[in-house]
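K.L.:
One structure, pasted below without further comment.
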Amino acid sequence: MDHTQFTHDNRRRPKHQFPKKATYREAFRIKPIPLNWFRGIGSAISVGIPSLIGFLIGDPALGILASVGGFTFLYVTNEPYSQRAVRLFWIALGLTASFALGALSSYNDVLLVLMFGVIGFLSTMLFKLFEIVGPGGLFFVLAYAIGTSMPHDLAVLGSKVLCVLLGAIFAWIVAMTGVLVNPYRNENKAVSGVYQSLASLLSSIGMDTYTERQHQTAFLIKQAERTLSHAKLFGKRNRNNYVLEKLIRLNAQAEVIFLSILDVSQEKKHEMEDQIAKSLQTMSNQFCDKDKEKHIKVQMSEEGSSTFLRNLYANVKFACEIHSGTVALSSAPASSGAEEKKNVSGTDRIKKLFSRDSHIPFVALRYGTIIFISAAIAYGFHLNRSYWVPLSSAAVMGGGTYVSNLHRGIQRSVGTIIGIWIGAALLWLKPAGLFVSLTLAGLQFIVELIYARNYSLAVMFITPSTLLIGTTINPALTSGYFISARLFDIIIGSIVAIVGTALLWRKISSKRLLTVFSDAVGKEGEMLISMLESEHTPMQAPKHQELQHALLQLRLVYDRALAESLRRDVKVTSLSPAVGDCLHLGYMLLAASRHPSREVAEERVYEYKVYFERLRQSIKYKEKLIMDVPRLPEYPLIHEDIVQLQR
């Protein structure tokens, strides 16, 4: 491949914009996310049925306790069913154990307060370590808090713990029912997301959104790879083995298409790009049982088309053939994610947890410390329903970063004020029996349906649900008691969480940013050196994986660093164009590495080794690099990207 034919005039290089300032208005923005009907219906069943059974047997409080175990369902994500079964099993045991520890700690206020922090710390650390997305430690803290409200009576503790466990097992069953209908629904959904992102990436070449979609596509490919690596066979072995192999092969082909799109971005726009993008979108829809009757067919015109565009067309056509079943899969490549899965042991995870670059211990310690302080304030001043204070802190800290937590604090306070009026209206009706169960199920359905769109909307329905649970478990207490306590406690808990996040390890990502940035540049240098030395593709594979990981890590850390200040840290914001240039260079290197050039002289290879080492050091120690970029006639556009990065 002769790279010298490509010039600056041909390429559609995106301009990297400075990020916009965060505002308080973002807390009330409704995100255009599709409604999650499965999550809404499943959570309503998991919480509503146990409470209904409790009313039918004449013990409403016991039914409500069983619905606490039903919160297990809220940890359902888009993981494969085989992985979901294991994860939810341990989460069910964890929620039950948290409830039991709360009941056992209730006799001593000092122990009770201390265990709030311990539960928050351990649950957060484990969720981060095993990369489990979702509510995090919130519902573990909730289960513990409800346990502390139980009378310290060991004689009846066993039956109450059993109720929570049975509710959790029921939620596990509800979460796993989909495997009987479509065992590979989530794997199909993951690959569908990849091809939809490829279509958007191809359509956005040269636009301001290109860099964002470039990162999103690379991230979704790796995410789908991890999802497929955890998939197991269900039902008819031969048929399902074919389905799984096809998805693995399609995801591997998606990475080839991704790199082909990067190649095409170096050229002027061609009308065929829009047709290819439509084909990718149609394929994405068919993974989710849409457009099944629509035939994917793209006619390629040789006239005016470049080598890169023809390669892209051939790669997309091959993906269509895999999808339609006209290609034998016996030679399908093994998923690199599967290898990753085999190599990750408990020892490796522990090493990762306590490595120099790990932020997990600090995040978990901050979470636990703030919950401990909230509990100490609440129980120290003997506030009514004291556990609502640490619970509010736990909910607000679900945002992760300072800006997210600040938004959640605002959302939780506003949502609670409105939700109290809704709750008061419900309690004025004096609900009892079947009405309580149906109301709880209905509220839970609404919460999970709209939770991702805006947290304040969800809190408007979480609040009446909590009030209903409180009056059901403790019928001797008035509704006014719960309403006044909840409003006051939530405001205190939110304030403690926001202040704590601002003071404790707030700048973790900002302090790591330059190190991660310099590491990514170092990996780019290694990739270029291997290209100049004309290493064979199998020898470049580890460098490919390392560079992809470094690029994704850089973007992740930069986004976190931005969210550590509402006004945006000037130093972090000023790095935005440089980070964008680094990401662009990295992905262009990955694309160019598939088109080897002739081997160059050792002296020039050495020049680039020295150059990238000095560039890496200058970024890490914030020094200006006074050195010209060495010649690179083999890859003129890569040279242009390196020059742009140094500026």
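K.L.:
Keeping to region 70-121, report how many residues are acidic (Asp, Glu) and either open to solvent by 20 Å² or more (accessible area, probe 1.4 Å) or outside any loop (DSSP other than H, G, I, E, B) (or both).
P.N.:
Counting residues in region 70-121 that are acidic (Asp, Glu) and either open to solvent by 20 Å² or more (accessible area, probe 1.4 Å) or outside any loop (DSSP other than H, G, I, E, B) (or both) gives 1.
K.L.:
Out of Leu365, Leu391, I need the residue that is open to solvent by 30 Å² or more (accessible area, probe 1.4 Å), touching a residue at least 60 places away in the same chain (Cβ under 8 Å), under 19 Å from Tyr144 (Cβ atoms) and within 23 Å of the chain's Cα centre (by Cα). Which one?
P.N.:
Answer to the selection: Leu365.
K.L.:
Hey, another quick one. Let me confirm something: among Val174, Val164, Val179, which residue is at pLDDT below 90, open to solvent by less than 40 Å² (accessible area, probe 1.4 Å) and in contact with a helix residue (DSSP H, G or I) (Cβ under 7 Å, 6 or more places away or on another chain)?
P.N.:
On inspection, the qualifying residue turns out to be Val179.
K.L.:
Also: Somewhere in region 505-524, is a residue surrounded by 22 or more Cβ atoms within 10 Å (Cβ to Cβ), in a helix (DSSP H, G or I), at pLDDT below 90 and not basic (Lys, Arg)?
P.N.:
Looking through region 505-524, none of the residues is surrounded by 22 or more Cβ atoms within 10 Å (Cβ to Cβ), in a helix (DSSP H, G or I), at pLDDT below 90 and not basic (Lys, Arg).
K.L.:
A further question follows. Give just the number: which of (1) more than 15 Å from Gly136 (Cβ to Cβ); (2) open to solvent by 40 Å² or more (accessible area, probe 1.4 Å); (3) in a helix (DSSP H, G or I); (4) in contact (Cβ under 8 Å) with a residue 12 or more places away in the chain does Ser413 not satisfy?
P.N.:
With (1) more than 15 Å from Gly136 (Cβ to Cβ); (2) open to solvent by 40 Å² or more (accessible area, probe 1.4 Å); (3) in a helix (DSSP H, G or I); (4) in contact (Cβ under 8 Å) with a residue 12 or more places away in the chain applied to Ser413, the lone miss is (2).
K.L.:
Would you mind stating whether Ala254 is open to solvent by less than 20 Å² (accessible area, probe 1.4 Å) and modelled with pLDDT under 90?
P.N.:
No: the conditions fail for Ala254.
K.L.:
Could you look through region 384-425, keep only residues that are aromatic (Phe, Trp, Tyr) and over 26 Å from Phe99 (Cβ atoms), and pick out the one that is modelled with the highest pLDDT? If you could, list the steps in order and put the result at the bottom.
P.N.:
First, the residues of region 384-425 that are aromatic (Phe, Trp, Tyr): 387-388, 402, 421.
Next, only the ones that are over 26 Å from Phe99 (Cβ atoms) stay: 402, 421.
On the way: Tyr402: 81, Trp421: 84.
It comes out as Trp421.
K.L.:
Let me ask something additional. State the number of residues belonging to region 182-198 that are open to solvent by less than 20 Å² (accessible area, probe 1.4 Å) and assigned to a loop (DSSP other than H, G, I, E, B).
P.N.:
Qualifying residue count, region 182-198: 1.
K.L.:
Another question, then. Would you confirm whether or not region 374-383 contains a residue that is at pLDDT 80 or above, of a type outside the set (A, V, I, L, M, F, W, C), open to solvent by less than 20 Å² (accessible area, probe 1.4 Å) and under 25 Å from the mean Cα position of the chain (by Cα)?
P.N.:
Checked region 374-383: no residue is at pLDDT 80 or above, of a type outside the set (A, V, I, L, M, F, W, C), open to solvent by less than 20 Å² (accessible area, probe 1.4 Å) and under 25 Å from the mean Cα position of the chain (by Cα).
K.L.:
Can you tell me which of Leu201, Leu220 is more than 17 Å from the chain's Cα centre (by Cα) and either surrounded by 19 or more Cβ atoms within 10 Å (Cβ to Cβ) or under 18 Å from Thr282 (Cβ atoms) (or both)?
P.N.:
Answer to the check: Leu201.
K.L.:
Another one. Name the residue, out of Ala452, Ala424, that is of a type in the set (A, V, I, L, M, F, W, C) and not in a helix (DSSP H, G or I).
P.N.:
Being of a type in the set (A, V, I, L, M, F, W, C) and not in a helix (DSSP H, G or I) holds for just one of Ala452, Ala424, which is Ala452.
K.L.:
Still on this model: Could you please give the count of residues in region 426-458 that are at pLDDT 85 or above and either of a type in the set (A, V, I, L, M) or out of contact with any helix residue (DSSP H, G or I) (no Cβ under 8 Å at 6 or more places or on another chain) (or both)?
P.N.:
Matching residues across region 426-458 total 11.
K.L.:
Look at Gly54 and say whether it is open to solvent by less than 30 Å² (accessible area, probe 1.4 Å), at pLDDT 85 or above, in a helix (DSSP H, G or I) and in contact with a Pro (Cβ under 7 Å, 6 or more places away or on another chain).
P.N.:
Spelling it out, Gly54 is indeed open to solvent by less than 30 Å² (accessible area, probe 1.4 Å), at pLDDT 85 or above, in a helix (DSSP H, G or I) and in contact with a Pro (Cβ under 7 Å, 6 or more places away or on another chain).
K.L.:
On to the next question. Looking only at region 591-619, filter to residues that are modelled with pLDDT of 90 or more and among the charged types (D, E, K, R); which one of those is most open to solvent (accessible area, probe 1.4 Å)?
P.N.:
It comes out as Arg614.
K.L.:
So which of Gly158, Gly137, Gly147 is surrounded by fewer than 20 Cβ atoms within 10 Å (Cβ to Cβ) and either farther than 16 Å from Tyr75 by Cβ or touching a residue at least 40 places away in the same chain (Cβ under 8 Å) (or both)?
P.N.:
Numbers: Gly137 fails: surrounded by fewer than 20 Cβ atoms within 10 Å (Cβ to Cβ); Gly147 fails: surrounded by fewer than 20 Cβ atoms within 10 Å (Cβ to Cβ).
Answer to the selection: Gly158.
K.L.:
Working carefully through the options Ile261, Ile296, find the one that is modelled with pLDDT of 90 or more and open to solvent by less than 70 Å² (accessible area, probe 1.4 Å).
P.N.:
Working: Ile296 fails: modelled with pLDDT of 90 or more.
Ile261 is the lone residue from the list that is modelled with pLDDT of 90 or more and open to solvent by less than 70 Å² (accessible area, probe 1.4 Å).
K.L.:
Is it fair to say Trp37 is open to solvent by 10 Å² or more (accessible area, probe 1.4 Å), within 31 Å of the chain's Cα centre (by Cα), touching a residue at least 12 places away in the same chain (Cβ under 8 Å) and more than 14 Å from Ile146 (Cα to Cα)? Steps first, answer last, please.
P.N.:
Details: open to solvent by 10 Å² or more (accessible area, probe 1.4 Å): yes; within 31 Å of the chain's Cα centre (by Cα): yes; touching a residue at least 12 places away in the same chain (Cβ under 8 Å): yes; more than 14 Å from Ile146 (Cα to Cα): yes.
Against the criterion (open to solvent by 10 Å² or more (accessible area, probe 1.4 Å), within 31 Å of the chain's Cα centre (by Cα), touching a residue at least 12 places away in the same chain (Cβ under 8 Å) and more than 14 Å from Ile146 (Cα to Cα)), Trp37 qualifies.
The values are calculated or read from the model by the stated rules, or taken from the named source; none is laboratory data. Not measured: the values here are computed from a predicted model. Heads up, the Cβs are rebuilt from the backbone with ideal geometry, glycines too, and the neighbour counts pull from every protein chain shown. Note: areas computed on protein heavy atoms with side chains; ligands, DNA, RNA excluded. Shrake-Rupley method; radii C 1.70, N 1.55, O 1.52, S 1.80 Å.
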